[in-house]
Amino acid sequence: MDKIAVIGLGYVGLPLARLFATQYPVVGFDINTNRINELRAGKDSTLEVEEALLQQVLVKEQSVTFGLYCSADVEDLKNCNYFIITVPTPVDKNNRPDFTPLEKASQMVGKVLKKGDVVIYESTVYPGATEEVCVPILEKISGLIFNQDFFAGYSPERINPGDKEHTVDKILKVTSGSTPEIGLKVNQLYQSVITAGTYLASSIKVAEAAKVIENSQRDINIAFVNELSKIFNLLGIDTQEVLKAAGTKWNFLPFKPGLVGGHCIGVDPYYLAQKAQEVGYHPEIILSGRRLNDTMGEYVASQVVKLMIKKGVQIKHAKVLVLGITFKENCPDVRNSKVVDVVKALKDYDLEVSVFDPMAKSSEVEHEYGITLLPQISSVFYDAVVLSVAHKEFEKINYKEILHTKGVLYDVKGILDQKIIDGRL
């Protein structure tokens, strides 16, 4: 029977490992021992897998039938014949692709790789990265020959963090293999657990390209409506009302303005741009969209300050509360959060900025961004409140109780009643 190893038990790896463990023996591997101990106790701090579902598949020792065994010991991977790598692919401070996690995961798998094994990558990369970056590492470490002794596949992750409706099994999965025969095997493996079905791409490069353009397309469309919001603001027109009216046409795409962060939309376009530049093409639209979206934090801060000035609020040392620091609603993930840009820009105006987010881990935010979260919303009155993330909890707040009479309420996400807000994107 096939035995599967899932390398990296984060937002992508854990839901996938849990799903495969309903039918296969699975070793879930992560280098973070705290994460392994948490999962062994049946807890998931990412909130992607419900405790009851996780506990149903957990086993205390490696199974021969089905179940999820969580481990930080490489030795526990030796009996697996499918290795699915789900580590992140971030960018560095200069927005250049950082393959370090992927390279280290490949090195580790190379140590336990055997003849006949298949290594499947789910991490988002540029077209060609699997065979150009990862496979040579596997060959070097294992001493095996690619497509003769071992094989590769690519099946891009399609996890939507915080979304309890579109879970991994309910989203159609793209698959591919390094040979036609391996493509069929990889496709059948995923097909056995993905109820939404699979799509077998003609090659690994095609599958890689399909993934990276999914998020590039979204990034460009959001950049377009972000630019519209800037134009309409200057014209004194409500962007949300314009989009609502335009949305009455059947083929209008319902994108909304906002802060574009996270580990996908705000990162993946740089991977495609990097590869394009390597082959001599300078991408204009892709990078233009990235540049515009990266200005939105500073833009939000400037709009809040303008509204405060119009209301006669003394700017220097005014108290501002930013609600939300995660990159999206109802999710604890703070990676590449663009709310941080809003906070920094507000502080540049000499405002006293406090941040509250019940979903985020205080220690993680402190470590990543040097921002100390409020344990709860303070009883002081604020000169401005910026709703940056649409957590459900924020819809229940009585904003009159935390704002000065002349205070500004700015709704980045456009979820509050228009009658109570002073501005929105």
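Remark: the ILE171-LYS392 segment gains 77.1 nm on full extension, using 0.36 nm per residue and subtracting the alpha carbon distance. Loop-located chymotrypsin sites (Phe, Trp or Tyr not before Pro) in the range 276-375 (DSSP state other than H, G, I, E, B) with a sparse environment of at most 13 neighbouring Cβ atoms within 10 Å: TYR281.
A dipole drawn for the chain from +1 and -1 charges on Cβ atoms has a positive end, and of LEU16, PHE83, VAL168 the residue lying farthest that way is VAL168.
Any of LYS170/LYS419; LYS173/LYS256; LYS60/LYS111 with alpha carbons more than 28 Å apart? Name them for me. Write down the numbers at each step before the final one.
Working: LYS170/LYS419 38 Å; LYS173/LYS256 26 Å; LYS60/LYS111 24 Å.
Over 28 Å Cα-Cα: LYS170/LYS419.
Restricting the calculation to alpha carbons of the chain gives Rg and Dmax of 23.3, 73 angstrom.
Divide, for the range 1-75, the radius of gyration over alpha carbons by 2.2 N^0.38 Å, where N is the residue count. Don't jump to the answer; show the numbers that get you there.
On the way: Rg = 10.7 Å, N = 75, 2.2 N^0.38 = 11.3 Å.
Here the Cα radius of gyration is 0.94 times the empirical estimate.
Mean separation of Cα pairs under 8 Å and 6+ residues apart, divided by the residue count of the chain: what relative contact order is that in percent? Can you show the working numbers first?
Numbers: 838 pairs, mean separation 45.1, N = 425.
Here the relative contact order equals 11 percent.
P(r) for the range 155-295, from all Cα pairs and a bin width of 5 Å, is 2, 9, 14, 15, 16, 16, 12, 8, 4, 2, 1, 0 %, short bins first.
Need the full-extension length gain, LYS400 to THR295, defined as separation in residues times 0.36 nm minus the C-alpha distance. One decimal, nm. Could the numbers behind the result be given before it?
Values: separation 105, 0.36 × 105 = 37.80 nm, distance 2.99 nm.
Once the chain is fully extended between LYS400 and THR295, it gains 34.8 nm.
The distance linking the range 311-329 with the range 46-63 is 39 Å (Cα centroid to Cα centroid, whole angstrom).
Among THR239, THR179, THR295, THR248, the order of accessible area from largest down is THR248, THR295, THR179, THR239, computed with a 1.4 Å probe on protein heavy atoms.
Please identify every one of the trypsin sites (Lys or Arg not before Pro) in the range 89-163 that sits in a loop by DSSP and has no more than 12 other beta carbons within 10 Å of its own beta carbon. The partial results should precede the final answer.
Numbers: sites: LYS93, LYS104, LYS111, LYS114, LYS115, LYS140, ARG158; in loops: LYS93, LYS114, LYS115, ARG158.
The qualifying sites are LYS93, LYS115.
Placing unit charges on each Cβ (+1 for Lys and Arg, -1 for Asp and Glu) gives the chain a dipole about its Cα centre, and among GLN56, TYR126, SER378 the Cα reaching farthest toward its positive end belongs to SER378.
Listed highest first by mean packing, meaning other Cβ atoms within 10 Å per residue, what order do 250-261, 406-417 come in? List each step's numbers first, then the result.
Numbers: 250-261: 16.8, 406-417: 20.1.
Those peptides, ordered most packed to least, come out 406-417, 250-261.
I need the per residue convex hull volume for the range 1-135, using only the alpha carbons, in cubic angstrom as a whole number.
Numbers: hull volume 14.7 nm³, N = 135.
Residue-normalised Cα hull volume stands at 109 Å³.
Tell me, what is the percent relative contact order of the range 215-288, built from C-alpha pairs under 8 Å that lie six or more residues apart? Computed over the range 215-288, the figure is 38 percent. Length available on full extension from ILE141 to GLN56: 0.36 nm per residue minus the Cα-Cα distance, which gives 27.0 nm. Over every Cα atom in the range 71-149, the radius of gyration and the widest Cα-Cα span, Dmax, amount to 12.8, 40 Å.
About its Cα centre, what dipole magnitude does the range 72-184 give when the only charges are +1 on Lys and Arg Cβ and -1 on Asp and Glu Cβ, stated in debye to the nearest 20?
On the way: 12 positive and 17 negative charges, 10 e Å.
It comes to approximately 40 debye.
Projecting the alpha carbon convex hull of the range 212-342 along each direction and taking the average yields 10.2 nm². Relative to one another, the C-alpha centroids of the range 211-241 and the range 124-164 are positioned 34 Å apart. Given the rule -39500 (n - 2.57) for each run of at least 4 DSSP H residues, summed and divided by the residues of the chain, what is its mean residue ellipticity at 222 nm, to the nearest 500 deg cm²/dmol? So the calculated ellipticity at 222 nm is -10500 deg cm²/dmol.
Would you mind estimating how fast the range 236-313 diffuses translationally, via Stokes-Einstein at 25 °C and 0.890 mPa s with the Kirkwood radius over Cα pairs, in µm²/s?
Working: Rh = 15.5 Å.
The Stokes-Einstein estimate is 158 µm²/s.
Using a 1.4 angstrom probe, figure out how much accessible area the chain has per residue, in square angstrom, rounded to the nearest whole.
Values: 19740 Å² over 425 residues.
Counting only protein heavy atoms, the per-residue value for the chain is 46 Å².
Over all projection directions, the Cα-based convex hull of the range 138-214 averages an area of 6.0 nm².
For LYS93, a cut-off of 17 angstrom between C-alpha atoms picks up these aspartates and glutamates, skipping any fewer than 8 places away in its own chain: ASP268, ASP294, ASP341, GLU368.
Assign unit charges at the C-beta atoms only (+1 for Lys and Arg, -1 for Asp and Glu), then state the dipole size of the range 16-57 relative to its Cα centre in Debye, rounded to the nearest 20.
On the way: 4 positive and 6 negative charges, 28 e Å.
Magnitude of the dipole: close to 140 debye.
Computed in the context of the full set of protein chains, the accessible area of the chain at 1.4 Å probe radius has 52% of its extent on carbon or sulfur. Think of the chain as having a plus end and a minus end, set by charges on the Cβ of Lys, Arg, Asp and Glu; of PRO97, LEU113, GLY258, GLY258 sits farthest toward the positive end of this dipole.
So what's the range 84-199 giving for Cα Rg divided by 2.2 N^0.38 Å, two decimals? Computed over Cα atoms of the range 84-199, the ratio equals 1.10. Magnitude of the charge dipole for the chain, about its Cα centre and with charges confined to Cβ atoms of Lys, Arg (+1) and Asp, Glu (-1), is about 740 debye.
Using the Kirkwood formula over every pair of different C-alpha atoms, what hydrodynamic radius in Å results for the range 272-425?
Numbers: mean 1/r = 0.0610 Å⁻¹.
By the Kirkwood definition, the hydrodynamic radius is 16.4 Å.
Of the GluC sites (Glu not before Pro) found in the range 1-100, those in coil by DSSP whose Cβ has at most 14 other Cβ atoms within 10 Å are GLU50, GLU61.
Report the Stokes-Einstein translational diffusion coefficient (µm² s⁻¹, integer) for the range 345-425, Rh taken as the Kirkwood radius over Cα pairs, at 20 °C with viscosity 1.002 mPa s. Provide the component values of the computation, followed by the final result.
On the way: Rh = 13.7 Å.
Result for D is 157 µm²/s.
The values are calculated or read from the model by the stated rules, or taken from the named source; none is laboratory data. What you see is a predicted model; the values in this text were computed from it and never measured. Don't worry about glycine lacking a Cβ; one is built from the backbone with ideal geometry, like all the others, and counts go over all protein chains shown. Side chains are part of the model used for accessible areas, which takes the heavy atoms of the whole protein and leaves out ligands, DNA and RNA. Shrake-Rupley method; radii C 1.70, N 1.55, O 1.52, S 1.80 Å.
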